[in-house]
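Read the structure below first, then the notes.
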Amino acid sequence: MFSQRTNWNLSRNRFADAIEAARQHGAELLDLTASNPTAVGLTYDTDGILKALADPRGLGYEPASKGMRVGREAVASYYAEQGIACNPENLVLTVSTSEAYSYCFRLLCDPGDEVLVPAPSYPLFEFLADIQDVNLVPYELVYDHGWQIEFESLQHAITPRSRAVMVVHPNNPTGHYTKAWEVERLNALCSENEMAIVADEVFLDYALEAGSRVSFAENRGALTFTLSGLSKISGLPQMKAAWILVSGPEAVAHEALGRLEVIADTYLSPNAPVQWALPALLGSRRGVQGQLNERTRSNLTELDRQLAKQHLLERLRVEGGWYAVLRVPVTRTDEDLAIELLEHESVLVHPGHFFNFAGDGYLVVSLITPTEEFCAGVKRIVRYLQR
């Protein structure tokens with residue numbers, strides 16, 4: 001009765017069972033996996049946001065396939081503030097970056113075609129690819145005083161069915177920003193093999209280290225689809241607005257936009273009130289990003305302070321984003337360790353395998369966790385591992 005593409009293993013794993021059991025027993029968990037910015041104590045411009053959503057023009061219907069001009073111009077202004085020239089005509093609005101991925105997969109891939117995806121990375125990609133009948137092929141990010149693309153792994157992953165390379169910039173959860181030299185090599189590989197780059201930049205604005213960084217929105221060396229949206233930029237995942245910015249060699253980018261417009265016209269997804277409100281919603285990012293950047297840096301400083309007192313845990317370098325990776329002794333699986341921390345210390349962390357780390361020895365914690373909760377949770381982790 002059901003399609004093969006949805007034939008997932010839906011049974012609960014031991015970690016999920018342990019979380020449910022702890023909550024059923026009334027345990028007060030220190031949750032170091034927080035990812036919802038609306039639930040971590042931030043202050044929003046409530047009046048400004050609600051006023052923008054009350055625009056009476058939102059009651060009208062304008063069937064603009066790429067999205068209303070007002071919304072696309074607001075996104076172009078966001079890039080202009082970063083010194084990036086962006087033509088609104090090169091933008092396609094979507095409900096979410098997940099929908100943006102689906103548009104790209106539909107544009108680039110026939111059933112069974114392949115998209116190369118970094119490992120570690122966010123597990124949602126597997127479901128998005130399955131739904132679109134696309135096969136994901138991993139390539140490695142390696143750690144050596146910092147994360148970088150393992151280009152030999154990437155080269156070996158390319159087959160005649162490869163259609164695109166996905167880049168998460170900065171990566172979730174490693175925090176690796178793609179460097180200019182890596183972009184050059186990606187452009188060369190993609191041009192040689194007639195592949196596109198799909199670049200997820202939702203965390204682009206959250207740098208944790210000083211230094212220059214590039215945006216794929218400026219990339220012209222290969223056909224490039226740069227994805228982002230309100231979810232992380234303005235800390236507004238509930239508003240459901242994102243976009244695809246198309247760049248690259250002029251002829252192929254023009255054809256890609258034409259085909260994307262037909263795909264977008266088929267769905268007409270973004271709702272009118274949010275599109276009219278996009279200038280205000282993107283403008284609200286300034287206050288929210290300031291709070292989030294202060295939170296992530298403060299928590300990272302506290303993490304380093306506590307880890308400096310011991311020698312079992314190591315915090316790996318993180319350049320940007322909302323997460324930190326801890327390297328821990330491999331005395332059991334990451335899932336076993338995460339369950340032990342949950343059951344014995346009431347601390348919730350991500351085991352490394354959740355993000356497709358190549359082996360055990362990794363935990364992932366969220367840096368947007370409220371500071372008091374974060375400090376207490378890290379203290380319990382260190383205490384438990386030192387026993």
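Computed from the coordinates by the stated procedures, all read-outs in this text should not be read as laboratory data. Computed from a predicted model, the values in this text were never measured in an experiment. Neighbour counts run over all protein chains shown; Cβ positions are idealised from the backbone, glycine included.
3J(HN,Hα) along the range 289-303: 5, x, 5, 5, 5, 5, 5, 5, 5, 5, 5, 5, 4, 5, 4 Hz, from the Karplus curve 6.51 cos²θ - 1.76 cosθ + 1.60 with θ = phi - 60°, whole Hz, x for Gly and Pro. Summarising the amide proton neighbourhood of Thr94: residues at separation of 5 or more, or on other chains, whose placed amide H is nearer than 5 Å comprise Ala242, Trp243, Ile244.
Distance from the C-alpha centroid of the range 176-235 to that of the range 242-293: 16 Å, rounded to the whole angstrom.
Think of each Lys and Arg Cβ as +1 and each Asp and Glu Cβ as -1; about the Cα centre, that makes the dipole of the chain roughly 700 debye. Between Leu10 and Arg106, the FRET efficiency estimated from the beta carbon spacing at R0 = 22 angstrom works out to 0.30.
Shown here for the range 173-270: trypsin sites (Lys or Arg not before Pro) in loop regions (DSSP other than H, G, I, E, B) with at most 12 other Cβ atoms within 10 Å, namely Arg220. DSSP finds beta bridges in the chain, and of those with both partners inside it, around 55 percent are antiparallel. Summing Lys and Arg as +1 and Asp and Glu as -1 over all other residues whose Cβ lies under 12 Å from the Cβ of Pro351 gives a net charge of -3.
Amide H contacts under 5 Å for Ser162: Glu114, restricted to partners 5 or more places along the chain or on a different chain, H placed in the peptide plane at 1.01 Å from N.
For the chain, the number of Lys pairs separated by eight or more positions or lying on different chains, with C-alpha atoms closer than 24 Å, is 7.
Under the rule that an exposed site lies in a DSSP loop and has at most 10 other Cβ atoms within 10 Å, name the longest stretch of the chain with no chymotrypsin sites (Phe, Trp or Tyr not before Pro) of that kind, not counting the sites themselves. Could the numbers behind the result be given before it?
Working: sites that count: Phe2, Trp8, Tyr61.
Longest site-free region, per DSSP loop and neighbour criteria: 62-387.
Across the range 152-165, rounded Karplus estimates of 3J(HN,Hα) from the backbone phi angles (6.51 cos²θ - 1.76 cosθ + 1.60, θ = phi - 60°) give 5, 4, 5, 4, 5, 7, 6, 10, x, 9, 6, 10, 7, 10 Hz, Gly and Pro being marked x.
Computed from phi, the 3J(HN,Hα) profile of the range 372-387 under the Karplus parametrisation 6.51, -1.76, 1.60 (θ = phi - 60°) reads 4, 5, 5, 4, 5, x, 4, 4, 5, 4, 4, 4, 5, 6, 8, 5 Hz, with x in place of Gly and Pro.
Taking amide hydrogens as placed 1.01 Å from N in the peptide plane, the amide H of Val167 sits under 5 Å from those of Val198, Ala199, Asp200, each at least 5 positions away in sequence or on another chain.
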